[in-house]
Amino acid sequence: MDRRGGVDAYPARWRKSAHRARIALRKSGVDYFRGDGSDWIALVGLLLTVPAITCATVLNPVWCAPAALVLPIVAGGLLLRPASLLGLYATAAVALIVEALTLGPYADGPARVTPGTVLVVAACGFFGLVLAQFRARVGVPWRRGGTMLFDLRERIRVQSALPPLPKGWHREMALRPAGGQSFSGDFVVAARTNGGRTLEAVLTDVSGKGMDAGSRALLLSGAFGGLLGSLPPHGFLPAANGYLLRQDWDEGFATSIHLVLDLESGDYEILSAGHPPALQLHAGSGHWEEKSGEGPLLGVYDGAQFDAVKGRLAPGDVLMLFTDGLVEASDRDMAEGIDRLTGEADRYVATGFEGAAWHLIEACAKDVNDDRALLLLSRRA
């Protein structure tokens, strides 16, 4: 019985051991592709690829040239850490030597290991090592870097989304980064406060543009989103100014405009921190009016005061908030840019400004190498 029990227990122990090994291998693979585990799986796979390529080259050098060794080297530069990469390079060097000795001198005919082949393989190895050292210094694996950038871009986009407004109101937001990039130094945070009766929206332009300002814009959009609605409207810009000062950035200033709009009466206040003025279209007269509060740039000095300007959106009126990239350029000043913007905006009066925000950026600042943002609010007639 004991013998039969031992015989029966052996396959069970073997199955358990195989199951544990399979689980450990799968966990290692998952951890690796998440960027958390060791790179030994990729290293073993690439090390096995090198002799396979060498054998194919020796057997048929016409179809599998000696330069094919750059394939595992390039893959190693993307997958491996610097220490593991050196081991792969040593294996590839040995493989080149074996191919050269087996195929004979390169002067005897084609498909030999030539000096050019050695230079190509060495150059690929050098660039792969540079990439691996950069990834090791940053601490973000290549397979997670793109995902992280995509996630950061989506967070900025979600934080810039405007809340739904009650019937009778229309809102649009358009953002175009400099140089066609995915990251921008312009962003919007908005929230419904006071039981949903009030809309608070903050349009901010961080110093710099594109990727240079994108990381600071992400940090500030999260901080400003937390402040918005948590403080009285007149306390937002002083708190934002103090936050920027505490960051102690070398290029840490920003401009911002804060709109506080009563969605029932249409009354609003605008507070500005060195930002271009808002523009209001009065439906009765068809005249555009500049609306701008008084206040310095954010992050310049402590104790700054921000004075509000008041107004009212009557039925049919439109309010536009924008950043300087939309109205300023090297060949025109802000006044000319504002005139051009209002002239283009007049074309959308008859259509109720549906889809106007993006088209206004295209018409007024399509080729401007700066971040451009436009927030448009209209009250239905």
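Take the conditions within 30 Å of N241 (Cα to Cα) and open to solvent by 30 Å² or more (accessible area, probe 1.4 Å) and apply them to A283. Does it pass? Don't jump to the end; show me each part of the working.
Values: within 30 Å of N241 (Cα to Cα): no; open to solvent by 30 Å² or more (accessible area, probe 1.4 Å): yes.
Against the criterion (within 30 Å of N241 (Cα to Cα) and open to solvent by 30 Å² or more (accessible area, probe 1.4 Å)), A283 does not qualify.
So, in the stretch 211-222, how many residues would count as being more than 16 Å from A190 (Cα to Cα) and either open to solvent by less than 60 Å² (accessible area, probe 1.4 Å) or in contact with a helix residue (DSSP H, G or I) (Cβ under 7 Å, 6 or more places away or on another chain) (or both)?
Total meeting the criteria: 3.
Tell me the strands (runs of 3 or more DSSP E) entirely within the stretch 285-359 that contain at least 3 residues that are touching a helix residue (DSSP H, G or I) at 6+ places or on another chain (Cβ under 9 Å). So that I can check it myself, show each step before the final result.
Numbers: elements: 287-291, 308-312, 318-322.
By residue number, 318-322.
Would you mind stating whether G225 is touching a helix residue (DSSP H, G or I) at 6+ places or on another chain (Cβ under 6 Å) and either touching a residue at least 40 places away in the same chain (Cβ under 8 Å) or crowded, with 17+ Cβ neighbours inside 10 Å (or both)?
Working: touching a helix residue (DSSP H, G or I) at 6+ places or on another chain (Cβ under 6 Å): yes; either touching a residue at least 40 places away in the same chain (Cβ under 8 Å) or crowded, with 17+ Cβ neighbours inside 10 Å (or both): yes.
Against the criterion (touching a helix residue (DSSP H, G or I) at 6+ places or on another chain (Cβ under 6 Å) and either touching a residue at least 40 places away in the same chain (Cβ under 8 Å) or crowded, with 17+ Cβ neighbours inside 10 Å (or both)), G225 qualifies.
Applying the selection to the stretch 196-211, what residues are within 22 Å of I270 (Cβ to Cβ) and either out of contact with any strand residue (DSSP E or B) (no Cβ under 8 Å at 6 or more places or on another chain) or of a type in the set (A, V, I, L, M) (or both)?
Taking the stretch 196-211 first, the residues within 22 Å of I270 (Cβ to Cβ) are 196-207.
Matches in the stretch 196-211: G196, L199, A201, V202, L203, V206.
So which residues in the stretch 103-117 are surrounded by 15 or more Cβ atoms within 10 Å (Cβ to Cβ) and either under 19 Å from T49 (Cβ atoms) or not aliphatic (A, V, I, L, M) (or both)?
Residues of the stretch 103-117 that are surrounded by 15 or more Cβ atoms within 10 Å (Cβ to Cβ), as a first pass: 103, 106, 111-114, 117.
Within the stretch 103-117, Y106, R112, V113, T114, T117 meet the criteria.
If the requirement is being modelled with pLDDT of 90 or more and out of contact with any strand residue (DSSP E or B) (no Cβ under 7 Å at 6 or more places or on another chain), which of these qualifies: G222, G179, G242, G214? First the steps, then the outcome.
Values: G222 fails: modelled with pLDDT of 90 or more; G179 fails: modelled with pLDDT of 90 or more; G214 fails: modelled with pLDDT of 90 or more.
G242 is the lone residue from the list that is modelled with pLDDT of 90 or more and out of contact with any strand residue (DSSP E or B) (no Cβ under 7 Å at 6 or more places or on another chain).
Starting from the stretch 72-93, keep only residues that are touching a residue at least 60 places away in the same chain (Cβ under 8 Å), then list their pairs with residues that are among the small types (G, A, S) and surrounded by 17 or more Cβ atoms within 10 Å (Cβ to Cβ) whose Cβ atoms are within a distance under 8 Å, requiring at least 6 positions of separation or different chains.
L78/G128; L79/A42
The values are calculated or read from the model by the stated rules, or taken from the named source; none is laboratory data. Fair warning: this is a prediction, and the values are worked out from it, not measured in the lab. All Cβ positions, even for glycine, are placed from backbone atoms using ideal geometry, and neighbour counts span all protein chains on display. For accessibility, only protein heavy atoms count, side chains too; no ligands or nucleic acids. Shrake-Rupley method; radii C 1.70, N 1.55, O 1.52, S 1.80 Å.
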